[in-house]
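Colleague: The following block contains the structure, expressed as structure tokens.
The values are calculated or read from the model by the stated rules, or taken from the named source; none is laboratory data. Just so it is clear, the model here is predicted, and its values are computed rather than measured. Please note: Cβ atoms are built from the backbone with ideal geometry, for glycine as well, and neighbour counts cover all protein chains shown. Quick note on the areas: whole protein, heavy atoms, side chains included, nothing else; ligands and nucleic acids left out. Shrake-Rupley method; radii C 1.70, N 1.55, O 1.52, S 1.80 Å.
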Amino acid sequence: MAALKSSLVRQVRLQAGVQGPPQRLTGSDLFNGHVGIPVMLVYPQGFDVVRAERALREVLRGYPIITGRLKKDADGHAFVDCNDAGIDFRVHACRGAAPAYGVERPMGRDLRRYFKPFLPWRIVGRDVPLLQVDVWRFDDGGIVLSCYGPHSVFDGVSFWQFMQDWSRACLGESVPLRSFDRQPLVDAVADRPPRSEAGLLYDPSMTERMGLFARLGWQALHLRKAVLRVPAVLVRRWKEEARECGEATAAVSTSELVAAFCLKHMSPLLQPGVERSVGIVLDLRARRRLRIPRDYFGNALGYGEGRSTAAEVASLSLPELALRCRPTAAQVAHEELFDLLALMERYRQRKAVWRLFMRPAAETLRAGFILNNCVNFPIYRIDLGQGGPAWYDICGVAFRMLMVVAIPEGDDGVDLHLTARPGELAAVQTALQAAILDAARQSGRTEAVGALSATPATGSGALSPA
């Protein structure tokens, strides 16, 4: 990785001129932790930085929680003081042309160039902005935009809502006021009885917990991340096969199909003699009875899991296996989800959310991965005045994970941001190449469909963070 030659040309603490009531972090917020998540958007065409900064300041007026600071109250509970202390906005001038990042050149270790990390345990009670924005502008006008903030303040749905509002402001459109009041999530479960576990969350013994974290840390040293493209021609073929397979499989989603594909080709390399697990991240805003506002800015996540034996993974058709890559009806029942939120709230009250663990995360140590469906995020519609980005990237994680993202072309194709062991990545990559060529032949297409990362699956994909 060649050194990035750059100079800081502007650094400003953006304040909105608006304060809000303090917001105590929920159990769901604290479960996700203060870990930072750098998000990269690449704009080869660039954008007007002055205009973008002005629009960002305007949008922040509707998001007083972002311009606040994480603190603890007299009882030791974490909250956001919406005191308008501001966010950091920096502009860097970079020598040379902007790197041609894309599916043939994912950012990999280059990610480290573009963000300034913070330590999760050194953010509460300190003057650490809850959002850091870095604009890296190259000599040819191309821009890499880096946004970085703690997961405890927002989840993916919230983040991309905020980014879309920034885009609206850049385009001169009105931006609606959003909901960030945490109290409804607390009130919704105030009368539910305490439990030691709910859904897929449980409180392991200290010995088990220490063992899990030690094994996850060791596993992280061996994981790599690759970006693999599934073109529209292959997605459409899979959907057609699902419809032909029967009524039960006709409605399987793209993310379930690609999860099944990855599971089928990773399974021979996973631990034998144990069930295969696909942990699923759920957006609870979609559950009406929970009464979480659809525009809620915070963490509103639930968790499901699909399980199959190794023999079933090998024998089931792709559409049939896709049905196994979704949560069970019991896991998404409203009572179960209420219990999940109640469990996190009880542990928040005890200042013990750190004790909770997600079973599918433990299963990634044996024979599973986490599925994060991001297909509906407006990633490539974040237009800051001169068109949307040409590429999106994010770091790997400390466990096997499959993140499914729409592609810039806006058709049925998807990109797979897959964190796994090198051999598992290579197996998926090889199988995907064959499936793409077969789908192209069956559809009568002869043009090139080079849809995989040029970086070898065993090479320098983005490493899991330490």
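Colleague: So if I take the centroid of the Cα atoms in the stretch 395-426 and the same for the stretch 191-214, what is the distance between those two points in Å?
Modeller: Taking the Cα centre of each part, the stretch 395-426 and the stretch 191-214 sit 29 Å apart.
Colleague: Using amide H atoms built 1.01 Å from N in the peptide plane, name the residues 5+ places from Gly96, or on other chains, whose amide H lies under 5 Å from its own.
Modeller: The list, which skips near neighbours in sequence, is Asp139.
Colleague: Putting +1 on Lys and Arg Cβ atoms and -1 on Asp and Glu Cβ atoms, find which of Ala188, Gln164, Ser174 reaches farthest to the positive end of the dipole of the stretch 159-242.
Modeller: Positive-end residue among those listed: Gln164.
Colleague: Next question. Give a residue-ordered list of calculated ³J(HN,Hα) values for the stretch 231-240 (Karplus: 6.51 cos²θ - 1.76 cosθ + 1.60, θ = phi - 60°; whole Hz; x for Gly, Pro).
Modeller: x, 4, 4, 6, 4, 5, 5, 4, 5, 5
Colleague: Excluding same-chain residues fewer than 8 positions from Lys351, which lysines have a Cα within less than 21 Å of its Cα?
Modeller: Partners within reach: Lys71, Lys72.
Colleague: Also, I was wondering about something else. With θ set to phi - 60°, apply the Karplus curve 6.51 cos²θ - 1.76 cosθ + 1.60 along the stretch 368-376 and write out the HN-Hα couplings as whole Hz, x wherever there is a Gly or Pro.
Modeller: x, 8, 9, 9, 10, 7, 10, 4, 8
Colleague: For the full complex of protein chains and a 1.4 angstrom probe, list Asp75, Asp415 by accessible area with the highest value first.
Modeller: Sorted by accessible area, descending: Asp75, Asp415.
Colleague: Let me ask you something else. When the helices in the chain are scored as -39500 (n - 2.57) per DSSP H run of 4 or longer and the sum is shared across all residues, what 222 nm value do you end up with, to the nearest 500 deg cm²/dmol?
Modeller: -8500 deg cm²/dmol
Colleague: Restricting attention to the stretch 168-211, which GluC sites (Glu not before Pro) occupy a DSSP loop and are surrounded by at most 12 other Cβ atoms within 10 Å?
Modeller: Hits after loop and neighbour filter: Glu173.
Colleague: Oh, and also: Using θ = phi - 60° and the Karplus curve 6.51 cos²θ - 1.76 cosθ + 1.60, what whole-Hz ³J(HN,Hα) does each residue of the stretch 168-179 get, with Gly and Pro shown as x?
Modeller: 4, 5, 5, 8, x, 8, 6, 10, x, 6, 10, 9
Colleague: Please work out whether the stretch 301-401 counts as rounded, prolate or oblate from its C-alpha gyration tensor, where a ≥ b ≥ c are the square roots of the eigenvalues and a/c under 1.5 means rounded, while otherwise a/b larger than b/c means prolate and anything else oblate?
Modeller: Oblate is the answer for the stretch 301-401, as a/c is 1.5 or above yet b/c matches or exceeds a/b.
Colleague: Also: Amide H to amide H under 5 Å from Val414: which residues, 5+ apart in sequence or cross-chain, H placed 1.01 Å off N in plane?
Modeller: The list, which skips near neighbours in sequence, is Val230.
Colleague: Leaving out ligands and nucleic acids, and using a 1.4 Å probe, what accessible area per residue does the stretch 263-404 come to in Å²?
Modeller: Accessible surface, normalised per residue, equals 38 Å².
Colleague: Still on this structure, please answer the following. Magnitude of the Cβ-charge dipole of the chain, K/R +1 and D/E -1, about the Cα centre, nearest 20 debye?
Modeller: Around 1100 debye, computed over the chain.
Colleague: Also: Which aspartates and glutamates does Lys116 reach when only Cα atoms under 18 Å apart count, and residues fewer than 8 places away in its own chain are ignored?
Modeller: Partners within reach: Asp88, Asp127, Asp134, Asp393.
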